[in-house]
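Notes follow once the structure below has been shown.
The values are calculated or read from the model by the stated rules, or taken from the named source; none is laboratory data. What you see is a predicted model, and the numbers here were worked out from it, not measured in a lab. Please note: Cβ atoms are built from the backbone with ideal geometry, for glycine as well, and neighbour counts cover all protein chains shown. Heads up: the accessible areas ignore ligands, DNA and RNA and are worked out on the full protein's heavy atoms, side chains in. Shrake-Rupley method; radii C 1.70, N 1.55, O 1.52, S 1.80 Å.
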Amino acid sequence: MSSSPISRVKPTALVAGDTVGIVAPASNIKRADLEAGCDALRRAGYRPFYFDSILDQDLYFAGSVDRRARELEAMFVREDVKAVICARGGYGANYLLEALDLEKIKARAKIFVGYSDVTALLTYFCDAGGLITFHG
């Protein structure tokens, strides 16, 4: 039994001045922590972008499953966003797997970075979507 290698979609590299979308697909984030991360991105030469709903909270999640899934998809669809970074890990990203439109995400492959519980999304995008993802 032989298996052929999976074709991987390599995202475009970032350049100074690019917009980086920030999402919270798992646990909620505090505004002060979000702003500190945005300041670090600015110092690195990037323009951070996030939707105000990133600060939503539903128990210890960053809002409802639907809100988190639609926001993540929106970041992939936006022309101006060149990479998508998760604000934090935590718990809850696994609930998004069945709610996401993977074809929409695959059609607009971008740098996608996350860690902790976001590993569920990293693996899903890589295994099911063929995207190269980044743990960080």
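Provide, as a two-decimal number, the C-alpha radius of gyration of the chain over 2.2 N^0.38 Å, N being how many residues it has.
Working it through for the chain, the quotient is 1.02.
For every other residue with a beta carbon closer than 14 angstrom to the beta carbon of Ser53, add +1 if it is Lys or Arg and -1 if Asp or Glu, then tell me the sum.
In short, -2.
Only bridges with both residues in the chain count here: give the DSSP antiparallel percent, nearest 5.
Antiparallel bridges: around 10 percent, rounded to the nearest 5.
Counting helices only, and only those DSSP H runs with n ≥ 4, report the 222 nm mean residue ellipticity of the chain as the sum of -39,500 (n - 2.57) divided by its residues, in deg cm²/dmol to the nearest 500.
-9000 deg cm²/dmol
Positive end of the charge dipole of the range 5-136 (Lys, Arg +1 and Asp, Glu -1 on Cβ, about the Cα centre): tell me which of Gly114, Tyr91, Leu72 has its Cα farthest that way.
Gly114
Evaluate the charge dipole of the chain about its Cα centre and quote only its size in Debye, nearest 20, assuming +1 on the Cβ of each Lys and Arg and -1 on the Cβ of each Asp and Glu.
440 debye
Based on the inverse mean of 1/r over its pairs of different Cα atoms, what is the Kirkwood hydrodynamic radius of the range 1-74, in Å?
14.3 Å
Can you work out the accessible area per residue across the chain, with the rest of the protein chains kept in place, probe 1.4 Å, in square angstrom?
Result: 52 Å² of accessible area for each residue.
For the range 34-116, which GluC sites (Glu not before Pro) are in a loop by DSSP, counting at most 15 other Cβ atoms within 10 Å?
Glu79, Glu98
Pop out the Kirkwood hydrodynamic radius of the range 48-91 from its pairwise C-alpha distances, inverse of mean 1/r, in Å to one decimal.
11.2 Å is the Kirkwood radius here.
Could you count how many Lys pairs in the chain have their Cα atoms under 21 Å apart, skipping same-chain pairs fewer than 8 positions apart?
Lysine pairs, 8 or more places apart or on different chains, close enough: 7.
Tell me, what is the FRET efficiency for Ile6 and Asp33 to the nearest 0.05, using R0 = 41 angstrom and their Cβ-Cβ distance as r?
Between Ile6 and Asp33 the formula returns 0.70.
Under a plain spin-label model, where a point goes 7 Å from the Cα along Cα-to-Cβ, how far apart in nm are Asp58 and His135?
Here the answer is 2.8 nm between the modelled labels.
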